[in-house]
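This report concerns only the one structure given below.
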Amino acid sequence: MHDQAEKLRARFQQNPLLGGKRTRLVAVTSGKGGVGKSNFSLNFALGLMEKGQKVVIFDMDIGLANMDVLMGVSPKRHLLNLLETNNSIWDIIEKGPNDLEFIAGGSGFTQILDLDDAQLFHLYDELQALQGYADTIIFDTGAGISKESLTFILSCDEVLLVTTPEPTAITDAYAVIKMIHSRNPHMPIQLVINRVSSPKEGKQTADKLSMVAKRFLGLEVSTLGFVSDDTNVSNAVKRQRPFLLAYPQTRASIGIRSLVDAYIGKHSAFDHGSTPEPTGMRGLLAKMKKWL
Ligand SMILES: Nc1ncnc2c1ncn2[C@@H]1O[C@H](COP(=O)(O)OP(=O)(O)OP(=O)(O)O)[C@@H](O)[C@H]1O
Ligand SMILES: [Mg+2]
């Protein structure tokens with residue numbers, strides 16, 4: 001573990017370019033549980049890595065951390081270890097397939113919002129170290145939106161809202177849009193429609209949600225893309241391998257890659273000044289306090 005931390009640190013220090021990156025914080029969330037957030041987060045991260053991005057995933061599922069199970073790895077440390085001991089952020093970063101870096105959720109994430117000053121200061125310093133290290137940091141949130149997870153979501157640069165075409169999932173997704181909008185009307189939200197039987201069904205689902213958001217909230221919600229309902233997702237879960245790696249040519253993997261392309265397209269639009277600048281880790285804890 002310590003070796004890994006040393007290596008990460010050395011690599012960070014050796015490559016001056018890494019320190020100059022603008023880091024985007026992306027919250028992956030949903031209304032209804034079980035719609036595919038964790039699978040999406042994991043495979044989307046791997047897709048971004050295929051395009052040369054440096055990605056770190058935070059598993060924010062309280063008590064039910066399952067990102068590690070999807071990757072078939074057993075994490076030795078989790079986020080709270082950062083606070084309990086003198087560990088640095090580099091000590092708690094675990095590695096998954098293709099050297100994907102992730103921070104395991106463990107249990108009791110809520111404690112993060114109930115820290116003494118020394119702990120908060122330590123956490124703040126350590127999280128800041130990721131600023132400029134990763135291109136994208138993905139927060140995979142758990143099922144249902146608690147006060148704590150809403151705080152975290154509102155502190156990110158953008159939200160990817162996952163839903164399926166089922167009416168219950170759509171209704172719950174709209175409730176999340178409303179909740180986020182009422183706290184921060186400027187938060188960029190993009191839809192990911194998972195488990196679609198056809199592109200037409202994906203488009204209809206996205207249209208329903210964006211029309212309702214437009215009519216009742218005056219809000220433009222854009223769509224990042226669709227991922228097919230694909231039995232190889234479940235096969236990959238059983239094999240504890242990300243589907244993008246286990247079944248690179250399956251429909252879900254093709255969907256993830258086109259979402260990655262769409263995301264990178266929007267990201268480069270942002271680099272040219274058409275979307276707001278990410279505030280990254282530096283602003284995250286300051287914003288968390290604001291939303292509490
Ligand atoms: N595109 C897909 N095609 C087929 N099945 C899928 C797809 N995406 C997800 N699933 C199924 O849904 C299950 C739940 O997915 P996942 O754990 O990613 O959901 P989640 O939203 O993270 O759940 P939770 O709300 O509990 O965190 C998977 O184990 C898989 O069987
Ligand atoms: Mg999950």
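Within region 215-222, not a single residue is more than 16 Å from ligand 2 (Cβ to nearest atom), in contact (Cβ under 8 Å) with a residue 12 or more places away in the chain, among the charged types (D, E, K, R) and not in a helix (DSSP H, G or I).
One residue stands out among those in region 40-50 that are among the small types (Gly, Ala, Ser) and away from ligand 1 (no atom under 11 Å from the Cβ): the one that is nearest to residue 246 (Cα to Cα), which is 47. Name the single residue that is nearest to residue 167 (Cα to Cα) among those in region 25-51 being within 13 Å of ligand 2 (Cβ to nearest atom) and basic (Lys, Arg). Among those that are within 13 Å of ligand 2 (Cβ to nearest atom) and basic (Lys, Arg), it is 32. Pairs are defined by a Cβ separation below 7 Å, a sequence spacing of at least 6 or placement on different chains, a first member in region 63-74 that is within 11 Å of residue 42 (Cβ to Cβ) and assigned to a helix (DSSP H, G or I), and a second member that is modelled with pLDDT of 90 or more and within 9 Å of ligand 2 (Cβ to nearest atom); the pairs so defined are 67/38; 67/140; 70/38; 70/39. Inside region 12-39, residues that are open to solvent by less than 10 Å² (accessible area, probe 1.4 Å), closer than 15 Å to residue 102 by Cα and either modelled with pLDDT of 95 or more or within 16 Å of ligand 1 (Cβ to nearest atom) (or both) make up a count of 3. Scanning region 222-265 for residues that are within 20 Å of residue 166 (Cβ to Cβ), open to solvent by 30 Å² or more (accessible area, probe 1.4 Å) and more than 12 Å from ligand 1 (Cβ to nearest atom) yields one hit, 223. Does region 164-176 contain any residue that is open to solvent by 50 Å² or more (accessible area, probe 1.4 Å), touching an Asp or Glu at 6+ places or on another chain (Cβ under 9 Å), farther than 23 Å from residue 139 by Cα and assigned to a loop (DSSP other than H, G, I, E, B)? No: zero hits.
Contact map, region 259-276: first residue closer than 13 Å to residue 136 by Cα, second residue at pLDDT 90 or above and part of a helix (DSSP H, G or I), Cβ cut-off under 7 Å, separation 6 or more or different chains; pairs are 260/44; 260/47; 260/48. Looking across region 40-58, the residues that are outside any helix (DSSP H, G or I) and open to solvent by less than 10 Å² (accessible area, probe 1.4 Å) come down to 55, 56, 57, 58.
The values are calculated or read from the model by the stated rules, or taken from the named source; none is laboratory data. Remember, predicted model here, so these are calculated numbers, not experimental data. With ideal geometry, Cβ positions are generated from the backbone for all residues, glycine too; neighbour counts draw on all protein chains shown. Quick note on the areas: whole protein, heavy atoms, side chains included, nothing else; ligands and nucleic acids left out. Shrake-Rupley method; radii C 1.70, N 1.55, O 1.52, S 1.80 Å.
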